[in-house]
């Protein structure tokens, strides 16, 4: 677990409510403090990714607001949203690399446009190179490749490189280890901890990997049935006598154990 | 006896009204979103937010790469018109009229419409499928997350490219179709090129070429706007992309044909 560095809220979800065909989020209030890493757990379909996406207005809530670094994502106008997006790096579940662009061009897209205008080609290249080194990829090998020439684990790491190249203050991770084998999962988890420490960023991590989340994060929250069921430290989560929390964590532990054995 | 049949009738009527209401609502939603899309593209152009490099790349993809199929289609249309006209005219109408029939039907109708239909399949379907795949694989979200507007980065270059390319493609299609029609008339009916040209010039109005290019410009805007709109509305994974692309092709084709039917009463009176 990382050192807890709470210095006030950086992300505040205030009464976030969203329904598609049926309610997904019902009045979620959650705060992520400066410098901390918060893991968001919950069964599939409980709105974890939806909540994460409201942080950058990728999904509009039906009601409620999200405050990032003191500015409202939805009510402070386009310029505020642009400023927020410059501060946040978003790692997508399946990397979401742009198919038609090379790895270099993909990472270049992660540099805020205002900053990009003042950079030479050489400087952009160097920034991309550096961010690939951060995620333990050999820039010489991957920079000129197209996304479909990369393995799943490499794509995720390029997605992380794109998220960090702009020097974000906040990192949002949407199930970064989904679909990876145990070795790649461990690699990505180590990377998440390393980057959060090295870059001194605030992180919000949506994950199904309970053990990994408890190991890496300062606090954890659990969504269930569209609302928060639990918020606290990893130790409090482990010791929780809430039946739903226990059932969820035990079942996940069981599935996590299944991942480590050959079931063929 | 009357009561059940009355209630069945009212249920049927209610169903029809509901159906019409839903359709109207959907059409209004599409129309509103299409209008907003066009407005956003205009704003992006005015604010110089569209990359010239992206527009040129798209002109190459949607314009230059479409030239072979457009010319083949136009050439065949010219040949067929010439041959069928010759078959009908033999012995009854002077053959030089063939020059006018081929030229006018190509310039007023077949050049723009056939080129548009070809581009619906080649370019429109491609744009919808491409943007649809980007939508379902979160690439559109990724663009927003890095502070880029998909309208500026993806939609505007494609719309501008086809808007510019379409009149040029139609002009090329018209010229090639007339040329092939002329060659075909010479080989199948022995109609000399001079005679063909005489016939073509006899009924020619300079407005006709403007009319043809106006149609091309309108179609050149219609196809990419619908394709982009449908692509950005895609949901539901790979199956959703397939379904949306099919619907987009249907909407584009239908819209082209409806607009084509509106042109004569508006511009040829």
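Assorted remarks:
- Counting the residues of the range B:200-211 that are touching a helix residue (DSSP H, G or I) at 6+ places or on another chain (Cβ under 6 Å) and closer than 10 Å to residue B:104 by Cβ gives 3.
- The set of residues from the range A:61-119 being in contact (Cβ under 8 Å) with a residue 60 or more places away in the chain and either in a helix (DSSP H, G or I) or more than 11 Å from every other protein chain (Cβ to nearest Cβ) (or both) comprises A:68, A:69, A:86, A:87.
- Checklist (1) modelled with pLDDT under 90; (2) out of contact with any strand residue (DSSP E or B) (no Cβ under 9 Å at 6 or more places or on another chain); (3) surrounded by fewer than 16 Cβ atoms within 10 Å (Cβ to Cβ) applied to residue A:185, failing item: (3)
- Residue in the range A:129-145 that is modelled with pLDDT of 95 or more, crowded, with 19+ Cβ neighbours inside 10 Å and within 14 Å of chain B (Cβ to nearest Cβ) present: no
- Candidate set: the range A:156-167, residues that are more than 12 Å from the chain's Cα centre (by Cα) and surrounded by 20 or more Cβ atoms within 10 Å (Cβ to Cβ); chosen: the one farthest from the other protein chains (Cβ to nearest Cβ): A:157
- So residue A:242, is it out of contact with any strand residue (DSSP E or B) (no Cβ under 8 Å at 6 or more places or on another chain) and away from chain B (no Cβ under 14 Å): no
- Residue selected from the range B:183-204 under the condition surrounded by fewer than 15 Cβ atoms within 10 Å (Cβ to Cβ) and farther than 18 Å from residue B:80 by Cα, by the criterion farthest from the chain's Cα centre (by Cα): B:194
- Restricting attention to the range B:213-248, the residues that are within 18 Å of residue B:33 (Cα to Cα) and crowded, with 18+ Cβ neighbours inside 10 Å total 16.
- Number of the condition not met by residue A:246 [criteria: (1) modelled with pLDDT under 90; (2) closer than 18 Å to residue A:132 by Cα]: (2)
- For residue B:32: the one exception among (1) over 30 Å from residue A:161 (Cβ atoms); (2) crowded, with 20+ Cβ neighbours inside 10 Å: (2)
- Subset tally (residues that are more than 30 Å from residue B:106 (Cβ to Cβ) and crowded, with 19+ Cβ neighbours inside 10 Å) for the range B:45-61: 1
- The helices (runs of 4 or more DSSP H) found entirely in the range B:62-174 that carry 1 or more residues being in contact (Cβ under 8 Å) with a residue 40 or more places away in the chain, surrounded by 18 or more Cβ atoms within 10 Å (Cβ to Cβ) and more than 14 Å from every other protein chain (Cβ to nearest Cβ) are B:67-89, B:97-105, B:111-119, B:125-136.
- Condition check for residue A:12 on (1) part of a helix (DSSP H, G or I); (2) farther than 26 Å from residue B:136 by Cβ; (3) touching a strand residue (DSSP E or B) at 6+ places or on another chain (Cβ under 9 Å): one failure, at (1).
- Check on residue A:191, closer than 18 Å to residue A:28 by Cα and crowded, with 17+ Cβ neighbours inside 10 Å: no
- Qualifying residue in the range A:38-58 (condition: free of Cβ contacts under 8 Å to residues at least 12 places away in the same chain and in a strand (DSSP E or B)): no
The values are calculated or read from the model by the stated rules, or taken from the named source; none is laboratory data. Here the structure is a predicted model, which means the values were calculated and not measured. FYI the Cβ positions are ideal-geometry reconstructions off the backbone, even for glycines, and counts take in every protein chain you see.
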